[in-house]
Amino acid sequence: MTVFRALLVITLSVMTACSGGERRVEQGTRDGILHFGNGTEPQGVDPHTTTGVPEHHIEQALFEGLVGKDPETLAPVPGVADRWEISADGRVYRFHLRENARWSNGEAITAEDFRWSWWRGLQPALGNEYAYMLYPIRNAEAYATGKLTDFSQVGVRVIDLHTLEIELTAPTPYFMQLLDHESMFPVPRKVIEKFGTPVDRFSQWTRPGNMVSNGPFRLTEWKLYKYVRLEKNPYYWDAANVKLNGIVFYPTENTITEERLFRSQQLHVTSSIPLDKIPVYRTSRSDELRVDPYLGSYYYMINVKRPGLNDARVRRALAMAIDRDSLIKNVLDGVNFPAYSMTPPGTAGYQPPILFKFDPEGARKLLADAGYPGGKGLPKIEILYNTNEAHRKIAVALQQMWKTNLNIDVTMLNQEWKVYLDSRNSLDYSVARAAWIGDYVDPDTFLNMWITGGGNNDTGWSSAEYDDLILHKIPAMHTQEERFAGFTRAETILMQEMPIIPIYIYSTKYLIHPSVKGMPTNLLDYYAFKHIHLEPET
Amino acid sequence: MWRFIASRVLQAIPVLFIVITLTFFLVRFAPGGPFSTEKAVVPEVKRALEAQYQLDQPLLAQFGSYLTDLVHGDFGPSFKYPGRTVNELIAAGFPATAELGLYALLVAVVLGMAAGIVAALNPNSWRDYVPMSAAMIGICMPTFLLGPLLVLIFGLWLEWLPVSGWGEVSGDKILPSITLGAAYAAYIARLTRSGMLEVLSQDYIRTARAKGLPEYVVVFKHALRGGVIPVVAFLGPAFAGLLSGSFVVETIFQVPGLGRFFVQAAFNRDYTLILGSTVFFAVLIVVFNLLSDVLAAWLNPRLRAGLGVK
């Protein structure tokens, strides 16, 4: 009896002891603390052992490369290096590091720090999944794959304390962009060696208290599953211009919960927004909604080894029978952009050729030419997608369009993510949903993956001319015009052969509180945290 | 009593061994691995990763070394989170899960027993039908519906309670606890009602009433002890269920608990984290079942006699 009465009293008192409290956004705006919805719990913050977008966000705030990016134009801006020279042949870069660049413990950053960091990033034993970002550097690939063991043959040279020279295999117009990728950030040798060997993935060096970084912010607290807290780094060379006092990153893997957190003023910025909320925000709170083009392509891959699908005419017919405008308007809430090429139009100024359009009549004719008039006799096609509501809706729409326009019956199969990757990898599918987000703003990031045997070319497709263009001809070209002509030719081959069907260009979709300033949109969804500031609403 | 406990503990060992073995091999035979990603990993890098996690060794050798580590209480390093051990991840996530489970159990017991007793004392009247219908709805309503509904009403419309969080602002633990506890409260209400009804029809209750004892003494002193036995037997599995089944509630309310990461681990093929959390939950379930059996034996003289306990 008494026990139950006590329980009742406790329960009631817990329930009544509630009050709303000040909202995080108000408080944060006042104190200069940005509350950032970051998708998932970060794997870690070691730039060499992590790969995801949430990790990328935190590392962008913690570290700084030789150069940074202008958040509006994405053009390179000085970072740890305050100036640089590029040789006439575009292969040798010389960077002059600023003398006041400091680690977050106050120690100076030198050219040797970069050389050592890249040495670490390329260690085969470390298992750095992004090591390939350093491959434009001479011999970096050979070193990372163990074919070369002498690091002095890799094109990174320390000239003096504050001068670093990099030699590339071929002129690489987008190389400056790569320098702002986490795989190129400097990591603190002394700290890493204090907590283990350089190739130790299980090291404790990134724990708050242990960690030293060189960016505008530094790590102060990490509550697993709750948040990662950063504070302004007083030793940062440009600390006077860093306006935020801190950033808190929250793991918000459920977008519905995240939207609720935003609505109740617990987050300044979200990582995403549920699709069905977009119309609501569009009509009533459009200043809080951001929908912008993103450097990513959504496409269907075709297994060109399958009977029926091994005929390019069939593949082109499938591509031409998709009404992309209708798909985007009716299925995707109008937030994406139709795609008729692998490379999103306007990538670094490149305009891909448009070689087909929505043309049911032409599609039927192609299908008939291939020997399947009215879809008769075409072997069974199945759309494979990873389990996800949006992918399912798109697959249903395409299934319907192919039925209406080509009179072919297509079935659908969804698989859990890793199972789907496995099916894709082993070519155990006929048509599969896929996507690619560009690593840098250049057509190369979208087109080099389709070379014969390319790690992501899970289509079985191969073209000698295409390989030659991507691997040899384009890298040897010097002007952007020549390169773009080369990419146009490559893209033409790709769209005539059609091992992939472009569907739409990605967009970034998220919510942002009106108090957040200095966070312009760009193709890469890149945030320069040092420029962000918070202004109370007036 | 000690012999009973000792024999149950001994029985638990083969159970846990089977759980470990099954989980170990099942996750490894699942398609895809911890390092399969959308962006193809360079083969050399993949090999290096596999070597760091000893995936390059024969499966049986991996199993052997896993068991050896396990005996020493070491769940190994996480695959998904470099630099984190599974022990650390469980230690970080479990307190919130346990606290949430405890509050939810409290909600379930208080609400459930109150409703069950009221219903049992007034069978076939509105005081029976209303709580029992509510209990039926509670059993049927999934947490992913109840949670957002409660948030909508109390968090966004009335603004009485925080929409999410755990231990950040006062009151943020209330909605998750109610959401998680509701279904169990409903179940306990039905168990209490039937247990109480059975006891209330016993001769000794008639005797107690005939003696002229006040009704509350009859109910709480005489009837309840027998009436709650089914509830007590249910509490062990219920608490284990609350702990291992809090994934949805943790996700809805951003509770920094283990459930969220247990489920993510499966999607990530984080072998050690899947295994570690499975073993950890298996141990908990075994322990709580044992506890509730002991408690039921202590409450029920007939059961005690059957076990040879004095």
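The values are calculated or read from the model by the stated rules, or taken from the named source; none is laboratory data. Values in this document were obtained by computation on a predicted structure and should not be read as measured data. Reconstructed Cβ throughout: ideal geometry from the backbone, glycine too, with neighbour counts over all protein chains shown. All accessible areas refer to the heavy atoms of the entire protein, side chains included, with ligands and DNA or RNA removed. Shrake-Rupley method; radii C 1.70, N 1.55, O 1.52, S 1.80 Å.
Going down the table (A:Lys329/A:Lys509; A:Lys277/B:Lys39; A:Lys277/A:Lys393), which pairs top 18 Å between alpha carbons?
A:Lys277/B:Lys39
Would you mind checking the tilt of helix B:126-140 against the longest principal axis of the Cα atoms of chain B, expressed as 0 to 90 degrees and rounded to 10?
10
Please identify the DSSP H helices in chain A that span no less than 20 Å along the helix axis (Cα) and have a mean Kyte-Doolittle hydropathy of 0.5 or more.
Helices meeting the span and hydropathy rule in chain A are A:2-16.
Given axes a ≥ b ≥ c from the Cα gyration tensor, I'd like to know whether region B:86-261 is rounded (a/c under 1.5), prolate (a/b larger than b/c) or oblate.
It is prolate, given that a/c is not under 1.5 and a/b is the larger ratio.
Kindly compute the accessible surface that chains A and B hide from a 1.4 Å probe when together, both sides summed, and give it to the nearest 100 Å².
For A against B, buried area totals roughly 5400 Å².
Taking only the C-alpha atoms, wrap a convex hull around chain B and report its volume per residue in Å³ as a whole number.
Taking the convex hull of the Cα positions in chain B, it is 169 Å³ per residue.
Under unit Cβ charges (Lys, Arg +1; Asp, Glu -1), what dipole magnitude, rounded to 20 debye, does region A:294-508 have relative to its Cα centre?
Dipole about the Cα centre, nearest 20: 680 debye.
With unit charges on the beta carbons (Lys and Arg positive, Asp and Glu negative) and the dipole taken about the Cα centre of region B:86-261, which residue among B:Leu242, B:Val219, B:Gly165 sits farthest to the positive side?
Farthest along the dipole direction, towards plus: B:Val219.
If you bin the C-alpha pair distances of region B:160-310 every 5 Å from 0, what whole percents do you get?
Going from the shortest bin to the longest, the percentages are 2, 9, 12, 14, 14, 13, 11, 9, 7, 5, 2, 1, 0, 0.
Using only the Cα atoms of the protein assembly as shown, build the gyration tensor, take square roots of its eigenvalues as a ≥ b ≥ c, and label the shape rounded, prolate or oblate: rounded if a/c is under 1.5, else prolate if a/b is larger than b/c, else oblate.
Because a/c hits 1.5 or more and a/b exceeds b/c, the protein assembly as shown counts as prolate.
As I understand it, the dipole of region A:374-447 uses +1 on the Cβ of Lys and Arg and -1 on the Cβ of Asp and Glu, about the Cα centre. Which of A:Ala397, A:Asn407, A:Ala434 lies farthest toward its positive end?
Comparing the listed Cα positions along the dipole, A:Asn407 ranks first.
For region A:406-476, what's the relative contact order in percent, using C-alpha pairs closer than 8 Å and at least 6 residues apart?
21
Of all GluC sites (Glu not before Pro) in region A:464-538, which ones are in loop regions per DSSP and have a Cβ with at most 12 other Cβ atoms within 10 Å?
When the GluC sites (Glu not before Pro) of region A:464-538 are filtered for loop state and at most 12 Cβ neighbours within 10 Å, A:Glu537 remain.
I need to check one value: relative contact order of chain A, counting alpha carbon pairs closer than 8 Å and at least 6 residues apart, in percent.
19
Ignore the peptide's own chain and count Cβ atoms of other chains within 10 Å of each Cβ in A:413-424; give me the average, rounded.
Mean partner-chain Cβ count within 10 Å for A:413-424: 4.
Calculate the mean, over all residues of peptide A:124-133, of how many other protein chain Cβ atoms lie within 10 angstrom of the residue's Cβ.
Taking all residues of A:124-133 together, the mean is 6.
Using mean Cβ contacts within 10 Å as the protection proxy, how do B:142-154, B:81-93 order, highest first?
Descending packing order for the listed peptides: B:81-93, B:142-154.
Amide H neighbours of A:Glu221 under 5 Å, counting only residues 5+ apart in sequence or on other chains, H built in-plane at 1.01 Å?
The list, which skips near neighbours in sequence, is A:Arg229.
Quote the charge dipole size of chain B about the Cα centre in Debye, to the nearest 20; the model charges only the Cβ of Lys and Arg (+1) and of Asp and Glu (-1).
It comes to approximately 1140 debye.
Keeping the other protein chains in place, figure out the carbon and sulfur percent of the accessible area of chain B, with a 1.4 Å probe.
69
Per DSSP H run of n ≥ 4, the term is -39500 (n - 2.57); total these for the protein assembly as shown, divide by its residue number, and report the mean residue ellipticity at 222 nm rounded to 500 deg cm²/dmol.
That calculation yields -13500 deg cm²/dmol at 222 nm.
With label points built 7 Å along Cα→Cβ from the Cα atoms of A:Ala239 and A:Asp292, find their separation and express it in nm.
3.0
Order these peptides, A:413-419, A:64-70, by their mean beta-carbon neighbour count within 10 angstrom, highest first.
Top of the packing list down: A:64-70, A:413-419.
Given charges of +1 on the Cβ of Lys and Arg and -1 on the Cβ of Asp and Glu, with all other atoms neutral, how large is the dipole of chain A about its Cα centre, in debye to the nearest 20?
My answer is approximately 1220 debye.
Once you keep just the Cα pairs under 8 angstrom separated by 6 or more residues, what percentage relative contact order results for region B:86-261?
Normalised by residue count, the contact order of region B:86-261 is 36 percent.
Around A:Tyr294, which amide H atoms from residues at least 5 apart in sequence, or from another chain, sit under 5 Å from its own amide H, with H modelled in the peptide plane?
For A:Tyr294, whose amide H was placed from the backbone, the distant partners under 5 Å are A:Tyr506, A:Ser507, A:Thr508.
Taking every pair of alpha-carbon atoms in region A:294-508, give the share separated by more than 20 Å as a whole percent.
So the portion of pairs separated by more than 20 Å is 56 percent.
Over the protein assembly as shown, average the accessible area per residue using a 1.4 Å probe and give it in Å², no decimals.
Ligands and nucleic acids excluded, the figure is 41 Å² per residue.
Starting from the Cα-Cα distance between A:Thr387 and A:Phe195, subtract it from 0.36 nm times their residue separation and give me the gain in nm to one decimal.
Difference between extended and current length: 65.1 nm.
When the accessible area of each residue in region A:187-207 is compared between its chain alone and the complete protein assembly (1.4 Å probe; ligands, DNA and RNA ignored), which residues differ by at least 50 Å², being lower in the assembly?
Output list: A:Arg201, A:Phe202, A:Arg207.
With r as the distance between the Cβ atoms of B:Asp56 and A:Leu161 and R0 = 45 Å, compute the FRET efficiency 1/(1 + (r/R0)^6) and round to 0.05.
It comes to 0.60.
Just counting partner chain Cβ atoms within 10 Å, what average do the residues of peptide B:291-300 show around their Cβ?
Per-residue shielding by partner chains comes out at 0.
Taking the dipole about the Cα centre of region B:34-95, with the C-beta of Lys and Arg at +1 and of Asp and Glu at -1, give me whichever of B:Ile90, B:Ser65, B:Pro43 is farthest to the positive side.
Positive-most Cα among the choices belongs to B:Pro43.
Near A:Lys357, which aspartates and glutamates are there with a Cα under 14 Å away, not counting those fewer than 8 places off in the same chain?
A:Asp323, A:Asp325
Can you list the residues of region B:159-178 that have at least 40 square angstrom less accessible area with all protein chains present than in their chain by itself, probe 1.4 Å?
B:Val163, B:Glu168, B:Ser170, B:Ile174
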